[in-house]
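Please read the structure below before turning to the comments.
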Amino acid sequence: MASPGPKTMPLTGGATQKKAVVFEANGGKELRLSGETGIWIFVVGDLAVFTLFFILIMLGQREETAAFATSRAMLNVGAGVLNTLFLLTGSWFVAMGVERYRSGHLAKARRDLDFAILCGLAFIANKCSEWASKISAGLSPATDNFFMYFFIITGIHLFHVILGVGVLLYMRALTKHDSVSSLDVLKLESGGLFWHLVDLLWIVLFALFYLL
């Protein structure tokens, strides 16, 4: 008999109930997707919006190949690589932190999130430094279509990173509780999913702006 589709299950651990997507596997064992249902809806919606941004960049690349190549040569690939490393490293620490929290190692989870926060702050500092160098060189969104997309879309992504650092700080605060609760696990998983989304979006933007 085919397994039934996904359903939502309330998870308790405090005064508030949250819902997670649960699948019933063979043998009746329930498998749960990480995070709350709401974060998955947000992730899908955000991916849809950024997919439109990606399409705009690729259309611009096709229609203004020479102009985009000239403008792309003005970017610092090293800065882009460094930011990619910051986010990938941050994602690794977030994943480790969530897993250690699940296992009850609260102090280690908090330490991992500390490192993830530092990676996020390093990304923000490096991106602002990159922008400052471009602006001081006379480049702006008004320069051409490439830099219009570059400043606007990476600016929107930078806002995601800043928001992500705030989420990580909240996750870190949860690790100060005396014990592990299913509700807090769900919150940490949701925060981790958001951070991984930020990482994924940057990897695509890095390829489109710096490498094509």
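The values are calculated or read from the model by the stated rules, or taken from the named source; none is laboratory data. Here the structure is a predicted model, which is why all the values come from computation and not from measurement. No Cβ is skipped: glycine too gets one built from the backbone with ideal geometry, and neighbour counts run over all protein chains shown.
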If I filter the range 140-162 for residues that are touching a helix residue (DSSP H, G or I) at 6+ places or on another chain (Cβ under 8 Å), surrounded by 18 or more Cβ atoms within 10 Å (Cβ to Cβ), in contact (Cβ under 8 Å) with a residue 40 or more places away in the chain and not in a helix (DSSP H, G or I), do I get at least one hit? no
Can you name the residue in the range 131-179 that is within 24 Å of Leu193 (Cα to Cα) and small (Gly, Ala, Ser) and, of all such residues, is nearest to the chain's Cα centre (by Cα)? Gly164
Could you list, in sequence order, all residues of the range 180-211 that are among the small types (Gly, Ala, Ser) and either assigned to a helix (DSSP H, G or I) or under 14 Å from the mean Cα position of the chain (by Cα) (or both)? Ser182, Ser190, Gly191, Gly192, Ala207
If His177 satisfies all but one of (1) in a helix (DSSP H, G or I); (2) more than 28 Å from Ala67 (Cβ to Cβ), what's the number of the condition it fails? (1)
If you go through the range 130-140 one residue at a time, do you hit one that is of a type in the set (Lys, Arg), touching a His at 6+ places or on another chain (Cβ under 9 Å) and at pLDDT 95 or above? no
So which pairs qualify, if the first residue must be in the range 65-83 and closer than 21 Å to Val198 by Cα, the second must be part of a helix (DSSP H, G or I) and among the hydrophobic types (A, V, I, L, M, F, W, C), the Cβ gap must be under 6 Å, and the two must be at least 6 apart or on different chains? Gly80/Phe206; Asn83/Phe123
Could you check the range 117-139 and list, in sequence order, the residues that are β-branched (Val, Ile, Thr) and surrounded by fewer than 18 Cβ atoms within 10 Å (Cβ to Cβ)? Ile124, Ile135
Report whether or not Asp178 is surrounded by fewer than 19 Cβ atoms within 10 Å (Cβ to Cβ), of a type in the set (D, E, K, R) and out of contact with any Phe, Trp or Tyr (no Cβ under 8 Å at 6 or more places or on another chain). yes
Based on this model, can you work out whether Asp199 counts as farther than 25 Å from Leu47 by Cβ and touching a residue at least 12 places away in the same chain (Cβ under 8 Å)? no
In this structure, does Asp184 turn out to be of a type in the set (Asp, Glu) and at pLDDT below 95? yes
